[in-house]
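Reviewing the structure listed below.
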Amino acid sequence: MAENNFLKFIKKHPVLSTIFLIIIVDIALLIAAYFGLGWFTNHNQYQIVPELKGMYVEEAAMKLRQNNLVLEISDSIFEANTSPGSIITQTPKAGSKIKNNRTIYVTIRSFSTQQVSIPYIVDLSLRQGMSMLQAAGFKNITVEKIPSEFSDLIYELKMNGLPLSAGDKIPINARLTIVVGDGLLQQADSAILDDYNEAVMDAADTYPESGNEY
């Protein structure tokens, strides 16, 4: 009986019946979308990002796979105090909550040593040249002194016994030698001149000039 009444209502009010049917379908779609979206996006299912800094890439990739996460190298830079291939930074940071199968982007220490251009330091003082080299990032620097008239004047820069020119690119951890003058030649010349002047004065005192007699 109720079914017949419902059918009579539909036939008698087709517009209202259509609107009512649309509302029912919309509600059903909303419910299905709500639960379906939660299932599709793994609602309330997340992973805690582990700390990767200091790990090597292979080790970190394995650790992430165990947590349903993916590793991707986004950049590589040189850092003197870390090992080649080790992770320096990561995004997202450790402790972040992310969905399964998401990607963790990392920056690693490059495998090649940083190359730095040699500044022009010839004919500068030792203090100036040392400051310029240290500012460029070089730390392994020794000083070699050679006989010269000018003290602490830079004559040459060498690496492994070979001369370098301004603009040459070498590893930042290379051992450099600055060749500077010791100034002893100037002191020696001054001493010789002093000795000569003193000898001349002694000779003048010993053999004074006598007047000419006619």
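The values are calculated or read from the model by the stated rules, or taken from the named source; none is laboratory data. Source: prediction; values computed, not measured. As a convention, Cβ positions derive from the backbone with ideal geometry for all residues, glycine included, and neighbour counts pool all protein chains shown.
Per-structure values
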{"item": "Selection count, the stretch 41-84, where residues are closer than 13 Å to ARG109 by Cβ, in a strand (DSSP E or B) and not aromatic (Phe, Trp, Tyr)", "result": "4"}
{"item": "Selection status of GLY129, under 14 Å from LEU176 (Cβ atoms), small (Gly, Ala, Ser) and over 18 Å from the mean Cα position of the chain (by Cα)", "result": "yes"}
{"item": "Identity of the residue in the stretch 85-109, in a loop (DSSP other than H, G, I, E, B) and in contact with a Leu (Cβ under 8 Å, 6 or more places away or on another chain), that ends up surrounded by the most Cβ atoms within 10 Å (Cβ to Cβ)", "result": "ARG102"}
{"item": "The one condition in (1) at pLDDT 95 or above; (2) closer than 30 Å to ILE87 by Cβ that PHE138 fails to fulfil", "result": "(1)"}
{"item": "Residue list for the stretch 76-131, restricted to those being under 30 Å from LEU157 (Cα atoms) and small (Gly, Ala, Ser)", "result": "ALA80, SER83, SER110, SER112, SER117, SER125, GLY129, SER131"}
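Quick grid of which residues meet (1) β-branched (Val, Ile, Thr); (2) modelled with pLDDT under 90; (3) touching a His at 6+ places or on another chain (Cβ under 9 Å):
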residue	(1), (2), (3)
VAL143	yes, no, no
ASP168	no, no, no
ALA174	no, no, no
THR177	yes, no, no
LEU184	no, yes, no
ALA191	no, yes, no
ASN197	no, yes, no
MET201	no, yes, no
GLY211	no, yes, no
